[in-house]
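Nothing in this text is a laboratory measurement; each read-out follows from the coordinates by a stated rule. Nothing here was measured: the structure is a model prediction, and the numbers come from that model. Here the Cβ positions follow ideal geometry from the backbone for every residue, glycine too, while neighbour counts run over all protein chains shown.
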Amino acid sequence: MAPDGRLPPGQYAPRSWPVLHYGPVPKFRPERWDLRVQGATASGSEGRWTWAGWDAMPRDRVTADFHCVTKFSISGVRWEGVLATTLARLVPPAPDATHVMVWAEYGYSANLRISDFLAKTTLLATHRDGERLAAEHGAPVRMIVPHLYAWKSVKWLRAIEYLVADRRGFWEERGYHNVADPWLEQRYSYQEDTPPA
Ligand SMILES: Nc1nc2c(c(=O)[nH]1)N[C@H]1C(S)=C(S)[C@@H](COP(=O)(O)O)O[C@H]1N2
Ligand SMILES: [Mo]
C-alpha cells in the first residue's frame, strides 16, 4: 500500500484471502524436508537445513501488502520468518551472482533479481498473523517478496539457487513479466519490450 492507503493500479481488496496455485498441495514430511542454498555461493559449497535446524532459526517480522497479478490485493499481512538478508549472511552469494531462482516442491520456480531477493522485506515465512502457515498457503516455508506480484512469493519453498545469469521461472516462461513490479503494472512479458515511460 502507498502511505495514503492506495493499492497498485488495477488491484482490488477481496473479502477473504484466496488460495491460488498451480497443481496439488504437497504433503509436508518433516523427516524428508530440507532447504538448500545452492548454485553460485561465495564458498562454492551448498547450504542445507533440516526442518529442525530451520525451525530453530531466529525469526523477524514484516508487515506488508500482497498483490496477485489476477488483481486481488491483501493489505497489512503480518508475516514472520527468516529474512532473506539473514540467509544471505549465512550462505553468501558469489560476487558475480545477479539473480536467484526460488524453487518449490514439484518444480515450481520463480526468478528474482538479487536486489529483490536482498530487499529488506523479503522473507522466508513460516507464520502469518501469528500462526503457522496453513498447508494451502505454503507450509512449512514460503517466500514472501511483498514488492513484487505474488507469483514470485513461492509457496512450499525448498531451494534458493544463486545465478550468475538470469533465467526465467515457471510463470515468467509462460507469458508473465520477468520483474513483476505491481506499481508499474508489470504483468505480462510482452511489456518487457516497451519500458515504462
Ligand atoms: N509453489 C507455488 N507457489 C506459488 C504458486 C504456485 O502455483 N506454486 N502460485 C503463486 C501465486 S500466482 C500466488 S497469487 C500466491 C498465492 O498465495 P496464497 O495461495 O497464499 O494466497 O502464491 C504464489 N506461490
Ligand atoms: Mo497470483
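Things worth noting here:
- Candidate set from the range 72-84 (those that are buried (at least 16 other Cβ atoms within 10 Å of the Cβ) and of a type outside the set (Phe, Trp, Tyr)); member that is nearest to the chain's Cα centre (by Cα): 84
- Considering only residues in the range 107-124 that are buried (at least 16 other Cβ atoms within 10 Å of the Cβ) and near ligand 1 (Cβ under 10 Å from one of its atoms), the one that is nearest to residue 67 (Cα to Cα) turns out to be 110.
- The C-beta contact set for the range 47-73 (first residue farther than 30 Å from residue 31 by Cα and among the β-branched types (Val, Ile, Thr), second residue within 16 Å of ligand 1 (Cβ to nearest atom) and assigned to a strand (DSSP E or B), distance under 8 angstrom, 6+ apart or interchain) comprises 63/76; 63/77; 63/78; 63/79; 69/176.
- The condition of being over 30 Å from residue 174 (Cβ atoms) and not basic (Lys, Arg) holds for only one of 131, 105, that being 131.
- Counting only strands (runs of 3 or more DSSP E) that fall entirely inside the range 78-166 and contain at least 2 residues that are within 16 Å of ligand 2 (Cβ to nearest atom) and touching a His at 6+ places or on another chain (Cβ under 7 Å), the qualifying elements are 109-113.
- Filtering the range 134-149 to residues that are within 8 Å of ligand 1 (Cβ to nearest atom) and surrounded by fewer than 24 Cβ atoms within 10 Å (Cβ to Cβ) leaves 136, 137, 142.
- Leading residue by the ranking (nearest to ligand 2 (Cβ to nearest atom)) among those in the range 1-12 that are in a loop (DSSP other than H, G, I, E, B) and exposed (fewer than 11 other Cβ atoms within 10 Å of the Cβ): 9
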